[in-house]
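Take a look at the structure set out below.
The values are calculated or read from the model by the stated rules, or taken from the named source; none is laboratory data. Owing to the predicted nature of the structure, the values given are computational and were not obtained by experimental measurement. Don't worry about glycine lacking a Cβ; one is built from the backbone with ideal geometry, like all the others, and counts go over all protein chains shown. Surface accessibility is based on the protein's heavy atoms, side chains included, excluding ligands, DNA and RNA. Shrake-Rupley method; radii C 1.70, N 1.55, O 1.52, S 1.80 Å.
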Amino acid sequence: MLKISNLSVKRGENIILDDVSFKVHEHKLISLVGPSGCGKSTLLHTIAGFISPLKGSITLHGKDLISTPIDKRSIGLVFQEETLFPNLSVRENIEYGISSWEVSSREKRVNELLELVNLTSHASKLPHELSGGEKQRVSLVRALAPQPKLILMDESFSSLDPVLRVELREEIKAILKKLAITCILVTHDRDEAMSFSDEVVILNDSKIQQFGTPSELYLKPENEFVAKFFGNGNIVKDGDSNSIKPGYYHHVDISDKGKVEGKIVRRKFNNGQYYYDVAVIGTEIVFTDIANREAFDENSKTTLALSKPWCYDALCSLNE
């Protein structure tokens, strides 16, 4: 288990990370996500050992990492841009981190990893002869070769085109799950964080805003920032509290026990269900992308049932 406790990092006069604490259990895939400058890459680099913290502790399976040299931390790194040695073959790149192993053990390990990412036939190629996706696969298995306890990935898919990015992300996720490897991915892409991860850490203003499963962050955001970051939403005013729903952000007074009357202004079908935009009658407010499997006609009237406060326990529903 990776445990980070009361971690703070300062650069010059600026606090980059402020009293950050969370735990990552074995075999979990975690994403660090947030806006630019929130500290997610700084946190990853501090775990790796490239940055010394102002205060706090980092332990991996009970071992203090802050006092441990980088090469003794049992951590593998995969960066945004592939960092393969251009003059070494695929096989030689993978072997690099295990050059001290006995020859037969080293060859067996490399062969296993080449087969894992379907690159056995590419073993003798140089990096410039590979596609972008192939280079990232080699970067991954090179990081996996020494059998680390933790893999850190810093925007590792962002340089790829959108289609390849999704394909490679799912492939690497399957590989990490198959090998039962704990991994932390830094990404600015909220959809990537949601689809890749078992749990997500969302950072803003140097602090953790929330740590939980993708569904918890989307359905039960702890504050307005998290709700806005993980999906357009409606903030529904209800006395002194707020209720957040998927859609754009507006304020509307709840009346009649949490129900408001609306008119369906748009309907679309996607991924097995309908999505509706509903205008609240008597206002200029439109709730957007309300999911429901039932088909309702555009321009028909409906009732929005809104839950409260700050919760997604009952998503906005459409009732005849």
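For the chain, what is the calculated [θ] at 222 nm in deg cm²/dmol (nearest 500), taking -39500 (n - 2.57) for each run of four or more DSSP H residues and dividing by its residue count?
Details: 8 runs with 79 residues, N = 320.
So the calculated ellipticity at 222 nm is -7000 deg cm²/dmol.
Considering only protein heavy atoms and a probe of 1.4 Å, how much of the accessible area of the chain is carbon and sulfur, as a whole percent? C and S fraction of accessible area: 47 percent.
The residues of the chain present an accessible area of 49 Å² per residue when probed at 1.4 Å with all protein chains retained. Distance between the C-alpha centres of region 1-79 and region 96-154: 25 Å, rounded to the whole angstrom. Ordering of 290-301, 44-55 by packing is 44-55, 290-301, highest average first (other Cβ atoms within 10 Å, averaged per residue).
By its C-alpha gyration tensor, with a ≥ b ≥ c as the square roots of the eigenvalues, how is region 1-119 shaped: rounded for a/c under 1.5, else prolate for a/b larger than b/c, else oblate?
Values: a/c = 2.24, a/b = 1.92, b/c = 1.17.
It comes out prolate by the Cα gyration axes.
Taking the Cα centre of the chain as reference, the dipole from Cβ charges on Lys and Arg (+1) and Asp and Glu (-1) amounts to some 660 debye.
What does the convex hull of the alpha-carbon atoms of region 1-50 project to on average, in nm²? Please list the in-between numbers first.
On the way: hull surface 15.1 nm².
Seen from a random direction, the Cα hull of region 1-50 projects 3.8 nm² on average.
Over the chain, what relative contact order in percent results from Cα pairs under 8 Å that are six or more residues apart?
Details: 645 pairs, mean separation 51.6, N = 320.
Contact order relative to length: 16 percent.
The Kirkwood hydrodynamic radius of region 127-189, based on inverse pair distances between different Cα atoms, is 12.2 Å. 3J(HN,Hα) couplings calculated from phi for region 18-35 with the Karplus curve 6.51 cos²θ - 1.76 cosθ + 1.60 (θ = phi - 60°) are, in sequence order, 10, 6, 8, 9, 6, 10, 10, 7, 4, 6, 9, 9, 10, 10, 9, 9, x, x Hz; Gly and Pro show x.
Amide H contacts for Gln210 (H built 1.01 Å from N in the peptide plane; partners 5 or more residues away or on another chain; cut-off under 5 Å): Ile202.
Distance between the 7 Å Cα→Cβ label points at Thr283 and Ile15: 3.6 nm. What the Kirkwood sum gives for region 75-216 is a hydrodynamic radius of 15.9 Å, with every pair of different alpha carbons counted. If you bin all the Cα-Cα distances of the chain at 10 Å, starting from zero, the percentages per bin are 6, 23, 26, 20, 15, 8, 3, 0. A simple spin-label model places the labels of Gln273 and Lys23 3.3 nm from each other, with each point 7 Å out along Cα-to-Cβ.
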